[in-house]
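Notes for the one structure printed next.
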Amino acid sequence: MHSPLRNFLPRNNFSELLTALSDGGYRCLAPKVCDGAIVYKELPSQDTLSTGISIHQAPGSYRVEITDSARNFGWSNGPQGLKPLVFKSRETLWSVRRDTNGQMTFTESAAEPDPVAIIGVRSCDLAALALQDKHFLNNHNRDSHYQTRRASLFLVAVNCTHPSDTCFCASTGDGPTAQDGFDLLLDELDDGFVIRAGTEAGEKILETLPVDPVAPEQAEAISRQNQRARECQTRRLPSRNLEQALFENLEHPRWRTVAQRCLSCANCTSVCPTCFCYSEQDTGTLDFTRSEHVREWDSCFTQGHSYIHGLTIRADTKLRYRQWLTHKLGSWHSQYGRSGCVGCGRCISWCPVGIDITEEVTAIVSAET
Amino acid sequence: MSATKAKVAVHKFSSCDGCQLAFLNMGEDLLALFDQVDIIHFAEAGPLNREASVDISFVEGSLSTPEDIHRIKKIREKSRYVTTIGACATAGGLQALRNVAQQDDWIQSVYATPQYISSLDQVMPIHEQIAVDFELRGCPVNTRQITAVLRSLLNGVTPVNEQDKVCMECKRQHEVCAMVARGLPCMGPVTRAGCGALCPGVGRDCYGCYGSAENANTASLGGRFHLLRLNQNQVRHRFVSFNGADPVFASAGSMGTGKND
């Protein structure tokens, strides 16, 4: 898909990329430290990227350290990937008005195209976006809100050089280097970036940049750091299809022990870049003339998610955790042709009690391996 | 409801009056409210007619005197629907802390003439004495909750029971988890949503003022608080505060610690 390593963008010319994106009609979202974590924030024009950010992640823990490194992307990930940009956590799908004669008028809401360039996207999140595309843009039922926002994205990816202790993308095959799904891809070196395009839109931007040729030692340094990023990962998921193994272990005692720890708080599904469950409800005004039909993120860890006509199917945490894991790593294969996990490790770090999906699944399918 | 306007009363028991402000804070919607209902009794706002029969009674406050029990039973008789509002009415409120203290000692030390004090042994939420049709949690409840329940009752449908955890609202607003990123002992994972994750939204940990969510794992969270270096008493104080008679929080508070993690 993408070209070989040809173009080097010196660090002091990086602002040219931001300018080119801005000239191309995109507003830029860039990683910033906010409230103790990396989040994508709008980068005002003329502003520069943050440097020296280092992230330490462990089960139930996330800490930021600011170092004197000149690098902009020497960290793994923040609490959210691309999901909030395409699948809004709360949005109105349609609204209704009732006039004085009792006549009702329904209006569908539409997402507005909003060209936005995301700087610093990781390969795990590109893989997650591809999975969300499969869900929201499938041929039978396209989600127009998702589609409009998805078409507005310009993705500037960075090959991940500093996976956290919680990362396991190498074992799921989704990182740490990006294969496709980006418009531009960066490899960060101390003095600048090797940059390549993955799409025509990316090519157009790349053509305008003042790049130098890539020196052989730069290509070697990139190769070395990418390999190191792969080899430093200690957590792993069994890479095979676990659908059968999980469904053969529905009564495994581990479900009960993990449920003793699990808060069923849904932090894992909220930060998961592939989870897509939502609920819909109506919120109206007190004068009964207007009402909005709202969709918002839901989770298989809530009671309402399994409530059907007077019956809560999954009333306790054991069943909820089992639903999440058997879907994510099991029936997702039948549904979307692959596992629903991209190895970003967010569910491990952002679980308030530090439950580790790799540890749980290994315990549950261990008799099968 | 019927073609005539629904009659509404707002009653108060042991409480700070703060939940009733959710009505008065409606702003322009107060005009819409008056179009929809007749406010028959609402001492904080003016109208007084506590004996009247009404369609909906909103009840704030907890029961702490023998007279309270007599009065709440009367209210039940005169009301088609009773909706309790706030931590006091639904879970005892702050004053239910005396349920776990030596009450007589307090009365002797606080009041100059303790012989005039006549109080129940235990502070009770309203549902312990009468059948309650719907409970709105929170300390205090907010206008959005009141509006939603009024709309439902006026439409003749069961109000939505918001019982998810605060974490759901927190993550929908893209707040960074205060417990994971900063080690704060946040009550969000066991606390009922409804506030819009107010405290995490201003960088603070949730302190549980909406009471327990459905399926709350207080043992596991209490265990986590210990790992965050809270001692047993501090963990207890996290659970037993605004919702002293919330059975889930009270039980977690009396254990003081979680067995797991």
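The values are calculated or read from the model by the stated rules, or taken from the named source; none is laboratory data. These figures come from a predicted structure and were not determined experimentally. Methodologically, a virtual Cβ is constructed for each residue, glycine included, from the backbone with ideal geometry; neighbour enumeration extends over all protein chains shown.
Residue B:197 meets the conditions (1) without any contact (Cβ under 8 Å) to a residue 40 or more places away in the chain; (2) touching a Ser or Thr at 6+ places or on another chain (Cβ under 9 Å); (3) more than 20 Å from residue A:284 (Cα to Cα); (4) of a type outside the set (Asp, Glu) in every case but one. The failed one is (2).
Once the stretch B:167-190 is narrowed to residues that are aliphatic (A, V, I, L, M) and closer than 22 Å to residue B:253 by Cβ, the residue that is nearest to the other protein chains (Cβ to nearest Cβ) is B:179. Residue under question is residue A:12, and the condition is that it be closer than 28 Å to residue A:216 by Cα and crowded, with 19+ Cβ neighbours inside 10 Å; does it hold? So residue A:12 does not fit the description; no. When each of B:102, B:108, B:163 is tested for being under 16 Å from the mean Cα position of the chain (by Cα) and either of a type outside the set (A, V, I, L, M) or within 30 Å of residue A:299 (Cβ to Cβ) (or both), the lone residue that passes is B:163. Picking from A:96, A:121, which residue would you name as being assigned by TED's automatic domain parsing to the domain that holds residue A:34, touching a strand residue (DSSP E or B) at 6+ places or on another chain (Cβ under 8 Å), more than 18 Å from residue A:152 (Cα to Cα) and surrounded by 15 or more Cβ atoms within 10 Å (Cβ to Cβ)? When all the criteria are applied, what remains is A:96.
When you look at residue A:360, is it acidic (Asp, Glu) and either in a loop (DSSP other than H, G, I, E, B) or surrounded by fewer than 17 Cβ atoms within 10 Å (Cβ to Cβ) (or both), yes or no? So residue A:360 fails the test.
Taking (1) within 13 Å of the chain's Cα centre (by Cα); (2) among the aliphatic types (A, V, I, L, M); (3) more than 12 Å from chain A (Cβ to nearest Cβ) in turn, residue B:193 satisfies each apart from (3). Every condition in (1) touching a strand residue (DSSP E or B) at 6+ places or on another chain (Cβ under 6 Å); (2) part of a helix (DSSP H, G or I); (3) of a type in the set (Lys, Arg) is met by residue B:71 except one, and the failing one is (1).
Residue A:316: facing another protein chain (nearest Cβ under 9 Å), over 22 Å from residue B:193 (Cα atoms) and surrounded by fewer than 21 Cβ atoms within 10 Å (Cβ to Cβ), yes or no? Taking the combined requirement at face value, the residue does not satisfy it.
Among the residues that make up the stretch B:147-156, is at least one of them away from chain A (no Cβ under 12 Å), surrounded by fewer than 22 Cβ atoms within 10 Å (Cβ to Cβ) and assigned to a loop (DSSP other than H, G, I, E, B)? Taking every residue of the stretch B:147-156 in turn, at least one turns out to be away from chain A (no Cβ under 12 Å), surrounded by fewer than 22 Cβ atoms within 10 Å (Cβ to Cβ) and assigned to a loop (DSSP other than H, G, I, E, B).
In the stretch B:129-141, is there at least one residue being facing another protein chain (nearest Cβ under 7 Å) and touching a residue at least 24 places away in the same chain (Cβ under 8 Å)?
No: zero hits.
Counting only residues that are surrounded by 17 or more Cβ atoms within 10 Å (Cβ to Cβ), out of contact with any Asp or Glu (no Cβ under 9 Å at 6 or more places or on another chain) and not in a helix (DSSP H, G or I), the stretch B:74-111 holds 1 of them. Applying the criterion of being small (Gly, Ala, Ser) and within 14 Å of chain B (Cβ to nearest Cβ) to the residues of the stretch A:20-51, the residue that is farthest from the chain's Cα centre (by Cα) is A:36.
Selection of the stretch B:112-132 for residues being out of contact with any helix residue (DSSP H, G or I) (no Cβ under 7 Å at 6 or more places or on another chain) and either part of a helix (DSSP H, G or I) or more than 18 Å from residue B:62 (Cβ to Cβ) (or both) yields B:112, B:113, B:115, B:116, B:127, B:128.
Wholly within the stretch B:160-261, which helices (runs of 4 or more DSSP H) include no fewer than the required count, namely at least 2 residues that are under 25 Å from residue B:147 (Cβ atoms)? Break it down stepwise before answering.
Details: elements: B:166-172, B:178-182, B:198-201, B:218-227, B:232-239, B:247-255.
The helices (runs of 4 or more DSSP H) meeting that bar are B:166-172, B:198-201.
With the stretch A:208-305 as the region, which helices (runs of 4 or more DSSP H) entirely inside it contain at least 3 residues that are over 30 Å from residue A:62 (Cβ atoms) and away from chain B (no Cβ under 14 Å)?
The qualifying helices (runs of 4 or more DSSP H) are A:216-231, A:243-247.
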